[in-house]
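J.: Could you have a look at this structure, given as structure tokens, before my questions?
No value in this document is a laboratory result; all are computed from the given coordinates. Bear in mind that the values here come from a model prediction, so they are computed numbers and not experimental data.
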Amino acid sequence: MSSGPKIWLITGVSRGFGRELAEALLDRGDTVIGTTRNGSADIPRGKGRLDVLALDVTDARAVKTAVAAAFRLHRKIDVIVNNAGYGLLSSVEEATDEEIEHVFAVNFHGTRRVIQAALPHLRAQRSGHIINITSMAGVAPNPGSGYYAAAKMAVEGISQSLAKEVAPLGIRVTLVEPGAFRTDFLSEHSIRRSTGQLQDYAATAGAAHERLAAMAGKQAGDPARAAAAIIQAADSPKPPLHLVLGADAYHRTRQMLDAFSADLETWKAVSIAADYEPPPQ
Ligand SMILES: NC(=O)c1ccc[n+]([C@@H]2O[C@H](COP(=O)([O-])OP(=O)(O)OC[C@H]3O[C@@H](n4cnc5c(N)ncnc54)[C@H](OP(=O)(O)O)[C@@H]3O)[C@@H](O)[C@H]2O)c1
């Protein structure tokens, strides 16, 4: 894609990554259509143009309306960033149906609805770049956030399939997989905690929750640098399918790939022996 000014649609620009990204883009003169739940955002316009649309991504009808309105504004969109999301801290056993359904409603269904609403327009354009913010949890989950990981993995799954479906149509897909970044993500405004506290999970899920609580406000990841990395990927003529952000995310992904690879090779003979015998030649 050319490195000239672009038109972006970004969900969740009220704070965090979404706001950093919108600010950096407006500063360099791009056009940003940002969504917030209350329909307003106090973001400096810089050299660019900002339009703000109201959207709670759990509202299926509102997603269709907002995406249609976004395409009407400038008749095309170059980059769509599915950013709105939050984390749920709970052991797998203790989360309630309501907590699980809501973390999927925002992180997975919100994202896939925006994608489904945008695809007819992107197909007509024969261009566009869909950037989905998942997480290192969606690649290499830790204890204590299994349902958040599952919702982000669901986004990973559809995105990898989608990338193959839309590449022939001129549409690109990138998964951004951040580690711990100093946004509001771990603050009481964003993170949700299940009320369960079984002693049997104190050393696993419980310890992970304590580590995260102690990390809030001190995360190593710089959201402004994350925004710059996302812009670099969007400007690249060959954007990656996976963009892992932060040293923690890099090392956790590396460990996961090495462990996966070790299982794959150790059990290779068993894997292959599960097929029918090849017919005699
Ligand atoms: N920061 C990290 O360490 C980290 C790591 C991995 C992945 N991520 C992912 O990065 C993305 C952005 O998070 P962040 O770190 O910027 O956190 P943040 O500072 O808490 O910002 C979250 C954004 O999502 C919006 N949002 C939440 N629920 C929404 C809903 N139902 N409808 C519409 N918007 C909603 C929030 O809007 P309101 O202001 O209205 O609540 C806010 O704009 C998320 O998808 C998150 O999972 C973050």
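J.: Over the chain, with a Gaussian network built from C-alpha contacts below 10 Å, which listed residue (D59, D97, D42) shows the highest mean-square fluctuation?
T.: D97
J.: Can you list residues whose amide H is under 5 Å from H242's amide H, if they're 5+ apart or on another chain and H is modeled 1.01 Å from N?
T.: L175
J.: Same structure, new question: On a 24 Å Cα-Cα criterion, which of the cross-link pairs K47/K218; K164/K268; K64/K238; K164/K238; K47/K76; K64/K152 come out too long?
T.: Pairs exceeding 24 Å: K47/K218; K164/K268; K64/K238.
J.: Remind me, relative contact order of region 131-281 in percent, using alpha carbon pairs under 8 angstrom and six or more residues apart?
T.: So the answer I get is 30 percent.
J.: If you don't mind, there's one more thing I want to ask. For region 218-266 and region 15-87, write down the distance between their C-alpha centroids in whole Å.
T.: Each part reduced to its Cα centre gives a spacing of 24 Å.
J.: Which cross-chain or sequence-distant (5 or more) residues have an amide H under 5 Å from the amide H of V81, H modelled 1.01 Å from N in plane?
T.: Residues meeting the amide H criterion: L9, I10, T11, I131.
J.: Once phi is turned into ³J(HN,Hα) by the Karplus curve 6.51 cos²θ - 1.76 cosθ + 1.60 with θ = phi - 60°, what whole-Hz value does each residue of region 267-281 show in order, with x for glycine and proline?
T.: Residue by residue, region 267-281 yields 9, 4, 5, 5, 4, 6, 6, 7, 6, 4, 4, x, x, x, 6 Hz.
J.: As a test of the formula, what do you get for the chain when each DSSP H run with n ≥ 4 contributes -39,500 (n - 2.57) and the sum is divided by the residue count, at 222 nm and rounded to the nearest 500 deg cm²/dmol?
T.: About -13500 deg cm²/dmol.
J.: Still on this structure, please answer the following. Find the relative contact order for the chain and round it to a whole percent, using C-alpha pairs within less than 8 Å whose residues are 6+ positions apart. Walk me through the intermediate numbers first.
T.: On the way: 498 pairs, mean separation 54.5, N = 281.
It comes to 19 percent, rounded to a whole number.
J.: Something else about it: Skipping prolines and chain starts, which residues have an amide H placed within reach, meaning under 5 Å, of the one on D51, given they are 5 or more residues away or on another chain?
T.: V32, I33, G34
J.: Another question, then. What ³J(HN,Hα) values, in whole Hz, does the Karplus curve 6.51 cos²θ - 1.76 cosθ + 1.60 give for region 187-198 when θ = phi - 60°, with x put for Gly and Pro?
T.: Once θ is set to phi - 60°, the couplings for region 187-198 become 7, 5, 6, 10, 5, 10, 10, 6, 7, x, 8, 5 Hz.
J.: List the equivalent ellipsoid semi-axes of the chain in whole Å, largest first, each obtained as the square root of 5λ for an eigenvalue λ of the Cα gyration tensor.
T.: Square roots of five times the eigenvalues give 32, 26, 18 Å.
J.: Given 0.36 nm per residue, what is the gain on full extension from E94 to L169 after removing their alpha carbon distance, in nm? Don't skip to the answer; put the middle values down first.
T.: Working: separation 75, 0.36 × 75 = 27.00 nm, distance 4.35 nm.
Once the chain is fully extended between E94 and L169, it gains 22.7 nm.
J.: Something else about it: Could you give me the ³J(HN,Hα) list for region 23-28, computed from phi with Karplus coefficients 6.51, -1.76, 1.60 and θ = phi - 60°, whole Hz, x at Gly and Pro?
T.: Karplus-based 3J(HN,Hα) across region 23-28 equals 4, 5, 5, 5, 4, 9 Hz.
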